Amino acid sequence: MNSIYKWIFFFLCITINSSAQVGINTANPQSGVLHIDPKGDNNTTGVPANIQTIDDVMISPAGNIAIGHTTPSYKLDIWVRPSGTSKPAFRLEDGTEGNKKILLSDASGNAYWGYPGEIPLIRGVYTRTINYTIPSISPSLVYANMYAYAYIKLPKGRWVVMVDQRVDPASGSYGTSYQERSFFRLTFSDNSLSGDGTLYPANGAGVSKDIEGSLNGTATTGSLISSNVNFRTASIVSGFIIINNRTNGIKTYYLKLVNAAYPNNLNLAGRVLTTANPAHAENRIIAMPLQ
């Protein structure tokens, strides 16, 4: 019998008028699909006072939800009254919260807490070592486009991508002078394939056309990261490029060793450079959004 009484009490607390308005704990549901008055203190007729609706919840015919009042204008419309209350209108506890943080969103509108001005970083991944053998053309201008076994995944948008790449002479290739050097070039490609000796091979193994400065398959400024590396000791190739991912999803860009050139008075053909070693603490690929 107790269960029957509970159901009777429940239906007595619900009011449904001829306009299909549903009221819970109120005999005077306001204009909406569902009106809940937890305290049951609203007027029985007319429009309830603001002080009476501070505990109310309303769903409008447009699907808007009001908390603390009965006239929502937005999908979620929260009022907190009286002003100066010690409790805030909203709380999100998802593990990213912290003192002085503000609510931010990603490109898809997913919300999270972060610090004002905080710049999200994306880091690239190194997978294993690769050896680059200097071609037997003096000076070398062969675009090998060798995959450096490192990549970075970027969402849609413009990104400045910074690269620090350690390059070492392989065993047996050490020189005796710092003048024994090679001009080394890095870039990013749309795939991990090897090239055919040109800067923009037909298989897409060369410079990605998403790189700003890489226009319609024509080499222009800003598409390569270049530096001198020597065969006496380790060297660092460092620089940045700008990548504009125009797709609607995450795209993978593959680090490529484009080519090595050396002075006419040196014969470095057959010398081997070792790069992309994940154990090198100097190696890093970091991307920051521009917009």
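The values are calculated or read from the model by the stated rules, or taken from the named source; none is laboratory data. Since the model is a prediction, treat every value here as computed from it, not as a measurement. Here the Cβ positions follow ideal geometry from the backbone for every residue, glycine too, while neighbour counts run over all protein chains shown. These accessible areas exclude ligands, DNA and RNA; they are computed on the full protein's heavy atoms, side chains included. Shrake-Rupley method; radii C 1.70, N 1.55, O 1.52, S 1.80 Å.
Using a 1.4 Å probe on the protein heavy atoms only, what accessible surface does residue 39 show? Give it in Å² to the nearest 10.
About 140 Å², rounded to the nearest 10.
If you roll a 1.4 angstrom probe over the protein chains with everything in place, what fraction of the accessible area of the range 144-274 belongs to carbon and sulfur, to the nearest %?
So the carbon and sulfur contribution to the accessible surface is 50 percent.
Quick one: what does P(r) look like for the range 90-167 with 5 Å bins over all Cα pairs, in whole %?
Calculated P(r), rounded to whole percents: 3, 10, 15, 14, 13, 11, 9, 7, 6, 5, 4, 2, 1, 0.
What ranking do 113-126, 150-163, 52-65 get when scored by the average of other Cβ atoms within 10 Å per residue, highest first?
Descending mean neighbour count gives 150-163, 52-65, 113-126.
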